[in-house]
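What follows is a short report on a single structure.
The values are calculated or read from the model by the stated rules, or taken from the named source; none is laboratory data. Note that the structure is predicted; figures quoted are calculated from it, not measured. Virtual Cβ from ideal backbone geometry, glycine too; neighbours counted across all protein chains shown. Keep in mind that these areas ignore ligands, DNA and RNA; they rest on the heavy atoms of the full protein, side chains included. Shrake-Rupley method; radii C 1.70, N 1.55, O 1.52, S 1.80 Å.
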Amino acid sequence: CTSLTNPFGVTGAIWGTPGSPISVSPGDQNVPLTVTLLFSGPCTSPQTNYELSLAEATNPTPFTGPNGITQPKDIGLNITPNTIVTETFYLNINKSATTGITYYVPMVIQYANNTESSVITQLTQVPIALYGPVQLSFSTGTTNLVAGEVNNVTITITNSGSAASGPVATTVSAPASVTLLNQMA
């Protein structure tokens, strides 16, 4: 790896942690942002420093790290070629943040190279989408059930928030006198 090869490529960024994405809104504090990178190598890096430059973005970002830090850092150890690396930063979102847009935050990656004695710096950008909250509501119309027959009950799920939701898992329960033929169509 050399300073010209740029072995780290950002493949995505989500609010939350791997497997547990969350919906965030302006004013939220200490929320995890997980950045996923592919380290293509060919070297091995015994230590890598990841730094988000929140104050250096083209448009100032509405994010800060804990205690107002504008350059939150994390360290990864023993990274081998063709490895997916996830780094989680905890950010505060300003109450006046604009939702519905994607912010591009510079990331500075400094890594040691096992084949050279120097530390190499790579600059890249992390796309951070800020869509706002998910606001789900569940409703059903009045349904007159006829005993001994199959009755259809329609349940409506509405998202009035500014962020996409999903997957939404639902279950339906009924009193002992009612038999459920299927849970959800």
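Over all other residues within a Cβ to Cβ distance under 15 Å of VAL35, the charged ones net out to -2, with Lys and Arg as +1 and Asp and Glu as -1. Candidate values (1) -1.15; (2) -1.05; (3) -1.27 were compared with log10 I(q)/I(0) by the Debye sum over Cα atoms at q = 0.17 Å⁻¹ computed on the shown model; the agreeing label is (2).
In summary, the range 92-136 shows an alpha-carbon radius of gyration equal to 1.82 times the 2.2 N^0.38 Å reference for compact globular proteins.
Considering only protein heavy atoms and a 1.4 Å probe, what is the carbon-and-sulfur percentage of the accessible area of the chain? Spell out each step's value before the answer.
Working: 5690 of 10990 Å².
Roughly 52 percent, rounded to a whole number.
Taking amide H as placed 1.01 Å from N in the peptide plane, the amide H of ILE155 sits under 5 Å from none that are at least 5 places away or on another chain. Note on the range 1-64 and the range 78-103: Cα centroid distance 4 Å, given to the nearest whole angstrom. GNM on the chain, alpha-carbon springs under 10 angstrom: the most fluctuating residue among GLY68, GLY148, GLY161 is GLY148. Normalised size of the range 77-166, defined as Cα radius of gyration per 2.2 N^0.38 Å with N residues, equals 2.02. Taken about its Cα centre, the chain carries a charge dipole of roughly 180 debye when the Cβ of each Lys and Arg holds +1 and the Cβ of each Asp and Glu holds -1. Running a GNM on the chain with Cα contacts under 10 Å, which residue among PHE138, PHE39, PHE63 ends up with the highest mean-square fluctuation? Comparing PHE138, PHE39, PHE63 in a Gaussian network model of the chain, the most mobile one is PHE138. In this structure the range 4-128 gives 50 Å² per residue of accessible area when probed at 1.4 Å with all protein chains present. The alpha carbon gyration tensor of the range 1-85 gives principal lengths a ≥ b ≥ c with a/c of 1.5 or higher and a/b greater than b/c, which makes the shape prolate.
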